[in-house]
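Undergrad: So that we are looking at the same thing, I have put the structure below in structure tokens.
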Amino acid sequence: MQLEDKTLTCRECNDPFTWTAGEQLFYRERDLINIPARCPKCRAQRKARLGLPDRAMTEVICAECRQTTTVPFVPRNGNPVYCSMCYDKIKNRIRSGGHLSSTPI
Ligand SMILES: [Zn+2]
Ligand SMILES: [Zn+2]
């Protein structure tokens with residue numbers, strides 16, 4: 001069957017857009033049943049929105065180097081928060097320290 005360009009209406013901005021024969025083929029090859037509901041512009045915008053982190057960044061002071069840093073969570077009271085650099089450092093320190101103490105000299 002010959003595929004032809006189709007004109008669809010965007011659900012988001014109500015602008016007409018072309019669903020090209022090539023795209024229709026792409027959909028068919030991947031067994032996609034739903035036709036695109038949004039124009040390429042709105043699709044790109046939607047994708048960009050979805051790609052953004054929805055968790056709020058909290059500004060904290062690193063318990064190790066005292067520099068201001070942001071973490072993707074709200075720290076609980078009393079828990080030390082580290083910047084990513086110090087966090088790695090401390091993680092390694094704990095790991096190697098634990099290993100050493102369990103090794104008899
Ligand atoms: Zn649109
Ligand atoms: Zn730090």
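Bear in mind these aren't lab numbers, they're just calculated from the coordinates by the rules spelled out. Please read all numbers here as calculations on a predicted model, not as lab measurements. Quick reminder, even Gly has a Cβ in these numbers, built from the backbone with ideal geometry, and neighbours come from all protein chains shown.
Undergrad: Any idea what the dipole of the chain comes to, in debye rounded to 20, about its Cα centre with Lys/Arg Cβ at +1 and Asp/Glu Cβ at -1?
TA: 440 debye
Undergrad: Length gain on complete extension for the stretch residue 96 to residue 70, per 0.36 nm per residue less the alpha carbon to alpha carbon distance?
TA: 6.7 nm is the gain from fully extending residue 96 to residue 70.
Undergrad: While we're looking at this one, here's another question. Towards the positive end of the charge dipole of the chain, with charges on Cβ (+1 Lys, Arg; -1 Asp, Glu), say which of 19, 85, 50 has the farthest Cα.
TA: It is 85, whose Cα lies furthest towards the positive end.
Undergrad: So, R0 is 41 Å and r is the distance between the beta-carbons of residue 58 and residue 8; what FRET efficiency does that work out to, to 0.05?
TA: 0.45
Undergrad: If you don't mind, another one. Enter the Cα centre distance for the pair region 10-55 and region 57-92, rounded to the nearest angstrom.
TA: Between the Cα centre of region 10-55 and that of region 57-92, the gap is 39 Å.
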